[in-house]
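One structure is given below, encoded as structure tokens.
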Amino acid sequence: MKIVLSILLLLLFCSCDSSDRQFSKDELDWFVAYKKGQIIIFKSNLGNFDTIIVSETTNGNTINLFKSRDCKKNIMLTSNFCKNRKYCDVEISIDKEEDELQNFPSFNAFGLYSIDLNNNHAYGQSVTLKMTHRKYTSVYIFELGLNAYNLENGYLKSFFWDKREGLICYENLAGEVFELLKK
């Protein structure tokens, strides 16, 4: 009986089905850029390369003690050219608390965290990268002190996230800029 009950509870709390919160198409669009195991290559203005792997993609529920279950989506990218071993990951996640509300993802790039995407000044901005000359049309720009903050020993100054292509550019505090070379 305990085993059956445990399995039922596990199924109840670990799925996002039709009875749970539903992501809108706009919310899901943030997560189409990457598949688990995908390799992404960036090149810097100093000639360095950063190979990033999509290390994790999750889709499930979080338990909220004050409300019903919330659906959550998450993608994690892990860098091989990391300046600080504590902050080698880039992460995008979204929690769906209510079906009626449009939810925006939160971002973390190598320890630089987004503050509030709802109030971000760069929504939908068109950006042409300087080294690759690629143009992106739906870019969010996260800048230290403006709409993002570094955790202790964080080393990024800014990062650019395109809604369709994902991470396209990041700059460290020393001025080294990495741009998306290949996905």
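The values are calculated or read from the model by the stated rules, or taken from the named source; none is laboratory data. Model, not experiment: these values are computed from the prediction. Note that each Cβ is placed from the backbone with ideal geometry, even for glycine, and that neighbours are counted across all protein chains shown.
General observations
- One residue from Phe23, Phe66 being surrounded by 11 or more Cβ atoms within 10 Å (Cβ to Cβ), at pLDDT below 90, aromatic (Phe, Trp, Tyr) and assigned to a loop (DSSP other than H, G, I, E, B): Phe23
- Residues of region 124-181 satisfying the condition of being among the polar types (S, T, N, Q) and either buried (at least 22 other Cβ atoms within 10 Å of the Cβ) or not in a loop (DSSP other than H, G, I, E, B) (or both): Gln125, Ser126, Thr128, Thr137, Ser138, Asn150, Ser158, Asn172
- Within region 75-112, considering residues that are surrounded by fewer than 16 Cβ atoms within 10 Å (Cβ to Cβ) and closer than 14 Å to Asn172 by Cα, the one modelled with the highest pLDDT: Phe81
- Output for region 26-52, where each listed residue is surrounded by 13 or more Cβ atoms within 10 Å (Cβ to Cβ), closer than 21 Å to Arg164 by Cα and modelled with pLDDT of 90 or more: Ala33, Tyr34, Gln38, Ile40, Ile41, Phe42, Lys43, Asp50, Thr51, Ile52
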